[in-house]
Every structure is written in C-alpha cells, then in structure tokens.
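The values are calculated or read from the model by the stated rules, or taken from the named source; none is laboratory data. What you see is a predicted model, and the numbers here were worked out from it, not measured in a lab. Positions of Cβ are generated from backbone atoms using ideal geometry, with glycine treated the same way; all protein chains shown enter the neighbour counts. Ligands, DNA and RNA are excluded from the accessible area calculation, which covers all protein heavy atoms including side chains. Shrake-Rupley method; radii C 1.70, N 1.55, O 1.52, S 1.80 Å.
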Amino acid sequence: MASRVLSPERCWEVLQSAEDDVVKDIINLMIDWRYIRGMTREEEMLLVYFLEALMMLTFLQEPEVVKKMTVSDWLKRTCIEGSDESVFLVGVDECNAFFVLSEEQEAWFEVYYQYLRSALIKRRRRRCSLDEAEKFFVDSSGNPVDNPCEDLKKLHDKFYLPSITTDMVRSTVHTVVHRLHLTDDEKLSSPAEAPEAEWMNANIAFCLLKMSHPVMVHAAPPELAARVKISRRFESHCHLLWCATQKKLRERLVLDTFGPRRPSESKVHSWIEKQGWTENVPDAAEVVKDWKPPRSIQAPTDSKSIRRMSRRQCWKGLQLMDREGKGLRVVTSRPFACGELICDFHGRLISRDEGLEIQQNNQTQAGHLFFFTGKNGQDMCLDAHEELCECHPNKTTFGRRIKHSARHANLSPRLHFMDDEPVILFMATRDIQTGEEIRYDYGDNRRSYAGDGLDLTPS
C-alpha cells in the first residue's frame, strides 16, 4: 500500500477489518496463556506485537511512547466512569502522552502484564538498569522492545495485513481536524444533522479534542458545543478524559516544583491553594504518596527548596545520635527514597594546598576535608574541620558528621554549583528507612579526603 494520506473512513475501515481477523487469533492465545500456559515463543511475541499495534494504530501513539511506557505508568492508570461504560486513562510520564482503554482492552493489557511479561522477564540474562527494568513492553529475551515499527511490520506480515503505519493513521486525524474547522456549510454539516462516523472511537475523539483544545495546566475545559462538534457519542468521555488529563498535568507540575526532595503534605496543599484552581484540583496526599525522585538530577540547585536548605543549613529528616559510645552518627528521622537528595557537605572553600596543610597538621580532622576538582579544573577543598562554621555559628552541620563505609554506604556525593559556588550534595543510592544511619564511601583506603580515591568532578 502506498504511503499516502487515506481518507479517515477508508483508513479505519481497513484497520478495523484487519483488527477483527487478528483479534480472534490473539484472544485465543491469551486464553491459552491464562489457563493452559502452553504458548510457543512465536505466539508470545504475537501477543506483544498486537498490544504494540493497538498503541500505535488504535490509540494513536508515537512509537517512542511504546518504548518508554513503564510499569509505573500502567499501575497508575485511572478508571473513568462514563455514561455507557468505564474507560481507563493511561499516562506515559516520560513522553507526556495519554491514551484511553476500553474495559476489554484494559483486560488484555493486564493479562500481558500479569502473566506473559513476568515469564519474559525471567529469561533476561544480562544486568539491566532500573530504567530498563521498569519498561512495560519487553521482547522474547526479557529486554525492553527496541523497534515498535518493526514489530508492527512483523504482525502485518504474519497475518497478511495491509501495511498501515502509525504515521498514516495520525495523518488521517489531522485531516479530520481540518474538516472540523472548515467554515463552508456545504462541506461541514452541523453536528445535529451529521451521523456519527463508524470509525470514531474514544481515542480518536479525545485526540481530536486535544488538537483543537490542547490540555494545558491553566486552561479552562472545552465547552459542550466544542465537544459535540467532534463527537456526540463520546462527548461525555471526552470531557472526563480532558479533565483527568489536566489533573495529571497539574500533579506533575506540583512534583516538578518541589524538585528532588520529598515535600510535606502541608506544603503541597498550601502551594496548590495558591494556584486558584477550582476544578481538576490535585489531592495533596495523593501527590506526596506518588512522589518519586527525578531520574536525572543534573541541576538540583535550581530547586528553591534545595537552595534554601543549603544556604540556611536546615536539612530536614536528619538527626544526630550517639551510637554505642562510638560518637555522634547521622541517622534519618523519616524514610528517604532512592535518588532523593539528603543533605550537603558544608564547609569553608579553600585550595587543595591549604587542605593538605590542615591534614598534615591535624590528622584527626582529616576526614572533615573534602577535596574535588572545580569547574576550570582547579583543585579545591571544602574545609569542615571546625565544629562550627563562621556563616552558621549556632549550628552543627550534618555533612561533616557522616561516617565512612565501603560495604554499607547508602549515599553518593555529587558536585554541583550554586551561584558559581561549588556544593557537594549527597544522594541516596537506595531506599533508606527511618532510624537508619547514613554513610558514604570516602574512597580507596579512606583517602578520598586527600583526593586519591574519589576523584570527584562536576556532574
């Protein structure tokens, strides 16, 4: 089939007839898996290809959304009660994408997740990152799918289906949008007179609505007339889905605002109230419950809360405790998630030579020196060997009290810059429970404070 823009009617007519043939075979495979569990590897992958095809052709998603959808995205799906039947809204956070599942389609995805994906994961023979382990769609070796478009072609070839691509389907949506905005009455009948197109479904109607009325954080929901103009049948679904999508965007905005530290429920509630939202308002308790540290902390000092705690040395969630007569240790007073920023190493900025001189004159204080390489390659040192610093004379800072451990380290230091001044931030390398001591590896033979082990450079 030539790669051209089909009429919406023809595109979905071909797609629907193709789906009908494939669905019968795929559903039989699902039933076999659920109750007999005797599928071959080829049959297993046909099921994966079919769900990928639904994502790209029926739910109108880009291949990148298929690749980046995670287990967390699936588990956080939202059930939307409609007038006819319930639908499920699934958001792919990394791509800022949303799609809609019917109850039947949601059951298909859940069968894959509960039964097939678990079996495929067990075949994984290589170590993978946390990001890879979270991917929802995996191949026969248990690794994340790499080329959804190629998987779609394999499905077409297996069942001798027309080669309708995701670009072709999405092009027809743009054609529909163009028709909806024509002003010539002879080309566009009024919604009350025009029959509902047979190829229209909740995903297509929702996609059309988002194109004409984009979902934005501070936008007002589209009026009834605008929704009916797109689809009278799915008008109610479109409204509910638009509002649910906006609520998710607002939840994400809240989390982005508070950065790489878990916010308190009271602070989130106060921030939300200041926005003046009257509908589609996120629940503060749910936002805090769903909070996760960002996967990348390239610029944590952009966060106002991190900058404030570093300037004031008011890091919360930590306390000093005397452990078995071994001196003061830093322990947590609340749980911290893997990737969350805990505190900084606060001290007087000096040159490496000055730090080495302090080390030679007072070996007992050597562990309170932190050597690193600055922006321009210069060798620097943060000196925290004094109990109290000049800028915070009434506070004992936490960073200088953190002990060394090579085997039980749960922190990792990262070098960043705040107003061109270096700051060493400690990030949790795993989940840390309440009452647990925090420690990091000083480096080879505990010499990182002399610059021999850690080789800390700007992130």
Original post:
Among 207-213, 390-396, 74-80, how do they line up from the highest to the lowest mean number of other beta-carbon atoms within 10 Å?
Top reply: 207-213, 74-80, 390-396
Original post:
In terms of modelled amide H atoms, which long-range or inter-chain residues lie less than 5 Å from the amide H of CYS343?
Top reply: PHE426
Original post:
Points 7 angstrom from Cα along the Cβ direction at ASN361 and LYS326: gap in nanometres?
Top reply: 3.1
**OP:** Compute the distance in nm between two label points, each set 7 Å from the Cα along the Cα-to-Cβ direction, one at SER140 and one at GLU273.
**Re:** 5.9
Original post:
Which percent of the accessible heavy-atom area of region 369-449 goes to carbon and sulfur, probe 1.4 angstrom?
Top reply: 40
**OP:** Treat each spin label as a single point 7 Å out from the Cα along the C-beta direction, and report the ASP283 to VAL228 distance in nm.
**Re:** 3.3
Original post:
When only Cα pairs under 8 Å and 6 or more residues apart are kept, what is the percent relative contact order across region 353-414?
Top reply: 21
**OP:** For GLU110, GLU85, give the ranking by accessible area with the largest first, probe 1.4 Å.
**Re:** GLU85, GLU110
Original post:
Which whole-number percentage describes the relative contact order of region 42-157, with Cα contacts under 8 Å and a sequence gap of 6 or more?
Top reply: 32
Original post:
Can you give me the relative contact order of region 284-430 as a percent, contacts being Cα pairs under 8 Å and 6 or more apart?
Top reply: 26
Subject >> Gain on full stretching of the segment that runs from SER72 to LYS210 - 0.36 nm per residue minus C-alpha separation >> reply: 47.3 nm
